[in-house]
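Each remark here refers to the structure printed beneath this line.
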Ligand code: GMT
């Protein structure tokens, strides 16, 4: 098949999933064309059967903001024509489901270019429900030829918020590449992230308010009061400065390391004892799955799609959003009990195998085949 993929190229779950999907599809023999305003952050080097098409929107003094979405629709249409794409698969509804619909209309006299939209989270739970985007989000979802969502929770939330008459939202969970995310080999030396006697806690995100990074710091502070421990913060975003200020205020600078955006997150996760994800909302929680795949138990919020990823009491613990004391209590108990910790490590790695790319990517191929059969 010839597949066009559009996603946000920046650091974030939807771009990561879209890129890994494209790479996996190319490995499986499909021709993949990424169409975006920059090369997706996980797309590195030259890959057979993968082409990147950059969307360049001109600046003009009349525009306060360049109408980038229009340039994207033009590029999607142009690439679909030139490369004879079978379908466009867009990741995140806003504005990509809309630009894909426009590209489809522009093609309408020649053939029916199919559009598959994958909903990732805040496009439904936050941005899409804002009055300034609501009707166009609903319209674009309803006009997609197929719609997928990354969790059962997100599917239900889509029906609840948008109704989406006539849509059959198919749940296809996020997945991991087992070549990148795997448990540390037996007896491997720990990565030198921290002094040898320290427990290592890790958080990975784009540091947006929805991640509640301040809670990560507070949970760590509670753990640090009773155990020697180091917190490793991976990623970057709007809340990073305030998180660093909170670390300084609590006198924790010695034990908290901010790594910024890291290429090989798996390497860091393999050195970790516990992963923290106390988000306000999380349609899936790909970062938690990546941690589990590296045999790291998770302490997270009981919210959104996280209960579909983290099995309570088996691969980690869930607590209400903002329940910092409970998260501290759970974390300390787990880190102090070597037997339970080892059992949870094994269970986490095993559970993550159900989300391996070879289990999940064929589900997308089935969606493509069914839409092309219509
Ligand atoms: O978490 C973010 O802020 C990034 C966002 C995105 O769209 O890039 O992530 C969403 O999609 C991920 C991949 O499907 C999910 O794992 C995240 O849970 C989801 N984030 C939220 O729902 C807040």
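All of the numbers you see were taken from the coordinates with simple rules; none came from a lab. Here the structure is a predicted model, which means the values were calculated and not measured. As a convention, Cβ positions derive from the backbone with ideal geometry for all residues, glycine included, and neighbour counts pool all protein chains shown.
Worth a mention:
- The stretch 314-374 and the stretch 268-287: distance between their alpha carbon centers, rounded to Å: 9
- Cα gyration tensor, the stretch 50-190 - rounded (a/c under 1.5), prolate or oblate: prolate
- Take every pair of alpha-carbon atoms less than 8 Å apart whose residues are at least six positions apart; their mean separation over the length of the stretch 1-100 yields a relative contact order of 35 percent.
- Principal axis dimensions, largest first and in whole angstrom, of the chain by Cα: 68, 45, 40
- Calculated P(r) of the stretch 274-374 - Cα pairs past 16 Å, %: 57
- Acute angle (nearest 10 degrees) that the helix 324-336 long axis makes with the longest principal axis of the chain, alpha-carbon atoms: 60
- Shape category assigned to the stretch 199-355 from the gyration tensor of Cα positions, a/c cut at 1.5: rounded
- Using all pairs of distinct alpha-carbon atoms, the Kirkwood hydrodynamic radius of the stretch 28-129 works out to 14.7 angstrom.
- Distance from the alpha carbon centroid of the stretch 53-121 to that of the stretch 154-177 works out to 22 angstrom.
- Label-point separation in nm, residue 312 to residue 108, each point 7 Å along Cα→Cβ: 4.9
- GNM flexibility winner over the chain from 355, 134, 220 (Cα, springs under 10 Å): 134
- Fewest-first sequence of 6, 135, 117 by Cβ atoms within 10 Å of each Cβ: 135, 117, 6
- Orientation-averaged projected area, Cα convex hull of the stretch 122-215 (nm²): 9.6
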